[in-house]
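Everything below concerns the one structure shown next.
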């Protein structure tokens with residue numbers, strides 16, 4: 001069974017469009033994350049979210065918004081896509097409990113904006 | 001603020017030789033430290049972590065890392081490299097006493113390891 005899954009795996013779209021990437025984890029974790037990996041492989045946190053708190057990295061444009069219908073899902077919605085949004089987006093979830101700090105990553109969604 | 005440095009973009013090693021991938025960190029308190037590996041077109045996979053206790057941490061696939069507080073380092077090592085170890089390796093840190101956004105992991109820039117047959 002896949003622990004953290006993302007759909008779609010690949011996404012090619014036109015500038016200005018709105019798109020969503022879905023993430024689901026079946027690990028029972030209560031904290032989830034979105035990361036962006038650029039063409040140089042640099043990995044940057046975008047959001048962290050649990051049922052109490054949404055933390056947004058201050059450099060993330062407000063065109064990006066996380067949406068969590070329930071504890072097992074954290075979807076990423078992107079409005080008015082720009083060329084610079086092209087990247088690989090990773091979802092992750094974290095173990096619950098004291099000292100349980102390990103994050104588990106999804107396979108990634110490769111977004112290409114034309 | 002917390003930060004991680006991986007000083008080498010690329011490390012090449014011959015199969016069977018020992019390998020080291022370097023990582024140094026900066027946090028305001030005591031750290032949680034992690035190593036992750038990324039194979040081509042895949043997500044990050046957890047290798048090992050230092051939370052507390054023994055400074056030498058053993059992880060998956062024969063990898064280990066040693067937490068050195070005085071040198072603020074957490075280098076990844078393996079006694080005998082395999083061609084299949086070739087991948088991108090990320091070090092990550094979190095300050096254990098922080099809250100809010102500081103509880104998020106900060107990743108290094110990654111080191112591409114190539115093991116030559």
*Of the conditions (1) over 22 Å from residue B:42 (Cα atoms); (2) touching a strand residue (DSSP E or B) at 6+ places or on another chain (Cβ under 8 Å), residue A:51 fails just one. Which one is it?*
(2)
*Which residue, of A:49, A:33, is part of a strand (DSSP E or B), out of contact with any helix residue (DSSP H, G or I) (no Cβ under 7 Å at 6 or more places or on another chain) and either modelled with pLDDT under 90 or more than 21 Å from residue B:105 (Cβ to Cβ) (or both)?*
A:49
*Can you list the strands (runs of 3 or more DSSP E) found entirely within the range B:15-62 that contain at least 1 residues being within 11 Å of another protein chain (Cβ to nearest Cβ) and in contact (Cβ under 8 Å) with a residue 40 or more places away in the chain?*
B:31-38, B:44-50
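Kindly indicate which of A:114, A:83 is surrounded by fewer than 16 Cβ atoms within 10 Å (Cβ to Cβ), out of contact with any strand residue (DSSP E or B) (no Cβ under 6 Å at 6 or more places or on another chain) and in contact (Cβ under 8 Å) with a residue 40 or more places away in the chain.
Details: A:83 fails: out of contact with any strand residue (DSSP E or B) (no Cβ under 6 Å at 6 or more places or on another chain).
That would be A:114, the only listed residue that is surrounded by fewer than 16 Cβ atoms within 10 Å (Cβ to Cβ), out of contact with any strand residue (DSSP E or B) (no Cβ under 6 Å at 6 or more places or on another chain) and in contact (Cβ under 8 Å) with a residue 40 or more places away in the chain.
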*asked:* Residues that are touching a helix residue (DSSP H, G or I) at 6+ places or on another chain (Cβ under 9 Å), within 12 Å of chain B (Cβ to nearest Cβ), modelled with pLDDT of 90 or more and in a strand (DSSP E or B): does the range A:37-44 have at least one?
replied: no
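The values are calculated or read from the model by the stated rules, or taken from the named source; none is laboratory data. These numbers come from a predicted model, not from an experiment. Neighbour counts run over all protein chains shown; Cβ positions are idealised from the backbone, glycine included.
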